[in-house]
Amino acid sequence: MNSSQKRFFDSFREVVKAVSSTLDLNQVMDLLVKNVTEAMELKACAVRLLNPKSRTLDLLASCGLSQDYIRKGPVDADRSIASAAEGNIVVVRDAGKDPRAQYQQEAVAEGISTIVSVPLSVKGRTIGVLRIYTHQPRDFSQEELDFAQALAEIGAIAIENARMYERIKKDYESVMNDLYTFVGYRRSI
C-alpha cells in the first residue's frame, strides 16, 4: 500500500467509525470534510445539501474556506449540480473561466482553481454534493475520485440516518404527548 492509499484508507476508516458511533450530523460532517481535505491534499472541502423548496445548496460543513467565500450568496442547485443530480461527478478545472462555476470572481479571489462536485445520493436520489477545491488546476486520478465518491456515499448515509432518527424522535414525542393528554383526560373523568 503506497502512502496516498494509506491516507485514503485511514481517512475512510475514521469517517466510517464516526458514522457508526454517533448521530451527531455536524460532528460527522466536520470530520468528513476535514479528512477529505487532508487525505486528498486539497485547499478545501464542503458538504452542501439540496434545499428542495428554494432549489439551492445549503452549506452543512466546510474545511478550508473563508467566511467571505462561504457568504458569497446562494448556490443555485440547477446551475451547480444539474449533472451531479443525475449521479455524475462534475469537474470544473478552471473555476475562474468555466461557465458552470456560479461564482467565478469569488472563486478566483478565494484562490480556487478546480472544483469537483460529487453527488451525495441515497436510494437513487441526490440530496446534495460533496465539493472539493484546489489552489492549482488539477486532474484527479480515478483512485482519488473513487475515494471522494466513497466518502460522499458514507456521508449521504449519515445524513439519511440523522434525518430518520429526528423523524422517529419527533413521532415518539408526539405519541407520548398524545398519551399524556389522554391519560390526563381519563383521570379527570
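The numbers here are math on the coordinates, done by the rules we state, and not lab data. Being a predicted model, the structure only gives us computed values, none of them experimental. Heads up, the Cβs are rebuilt from the backbone with ideal geometry, glycines too, and the neighbour counts pull from every protein chain shown.
Table for the structure above
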{"item": "Loop-located trypsin sites (Lys or Arg not before Pro) in region 90-180, at most 14 other Cβ atoms within 10 Å (DSSP)", "result": "Lys97, Lys123"}
{"item": "Charge tally in the Cβ shell below 11 Å around Leu59, where Lys, Arg are +1 and Asp, Glu are -1, Leu59 excluded", "result": "+3"}
{"item": "Charge sum, other residues only, whose C-beta stays under 11 Å from Ala152's C-beta, Lys/Arg counted +1 and Asp/Glu -1", "result": "-1"}
{"item": "Trypsin sites (Lys or Arg not before Pro) within region 1-86: DSSP coil, no more than 11 neighbouring Cβ in 10 Å", "result": "Lys53, Arg71"}
{"item": "Positive dipole terminus of region 3-163, leading residue within Leu32, Val92, Leu60 (C-beta point charges)", "result": "Leu60"}
{"item": "Cβ charges +1 (Lys, Arg) and -1 (Asp, Glu), total dipole of the chain, debye", "result": "540 debye"}
{"item": "Neighbourhood net charge (14 Å Cβ-Cβ; Lys/Arg +1, Asp/Glu -1) for Ala77", "result": "+3"}
{"item": "Unit charges on C-beta of K, R, D, E only; dipole of region 69-114, Debye", "result": "100 debye"}
{"item": "Calculated P(r) tail over 27 Å for the chain, as whole % of Cα pairs", "result": "33 percent"}
{"item": "Directionally averaged shadow of region 108-180, computed from the convex hull of its alpha-carbon atoms, nm²", "result": "7.2 nm²"}
{"item": "Positive-pole candidate from Asn161, Gly73, Leu130, dipole of the chain, charges at beta carbon", "result": "Asn161"}
{"item": "J(HN,Hα) series, region 162-170, from Karplus relation 6.51 cos²θ - 1.76 cosθ + 1.60, nearest Hz, glycine and proline x", "result": "5, 5, 5, 4, 5, 5, 5, 4, 5"}
{"item": "Where N is the number of residues in region 66-153, Cα Rg divided by 2.2 N^0.38 Å", "result": "1.05"}
{"item": "Sorted by Cβ neighbour density within 10 Å, fewest at the top, the residues Cys45, Cys63", "result": "Cys63, Cys45"}
{"item": "Fewest-first ranking of Ile115, Ile157, Ile168, using other Cβ atoms within 10 Å as the exposure measure", "result": "Ile168, Ile157, Ile115"}
{"item": "Partners for Lys6 among aspartates and glutamates (Cα-Cα distance below 17 Å; same-chain residues under 8 apart left out)", "result": "Glu14, Glu38, Glu41, Glu143, Glu144, Asp146"}
{"item": "Region 2-55 - Rg (one decimal) and Dmax (whole number), Cα, Å", "result": "13.1, 45"}
{"item": "Taking Thr126, Thr22, Thr114 and counting other C-beta atoms within 10 Å, the order from fewest to most", "result": "Thr22, Thr126, Thr114"}
{"item": "For region 142-147, Karplus couplings with θ = phi - 60° (6.51, -1.76, 1.60), whole Hz, Gly/Pro x", "result": "4, 4, 5, 5, 5, 4"}
{"item": "Length released on extending from Ala109 to Ile70, taking residue separation times 0.36 nm less the Cα-Cα span", "result": "12.8 nm"}
{"item": "Amide proton proximity set for Ala44, modelled H, under 5 Å, gap of 5+", "result": "Tyr133"}
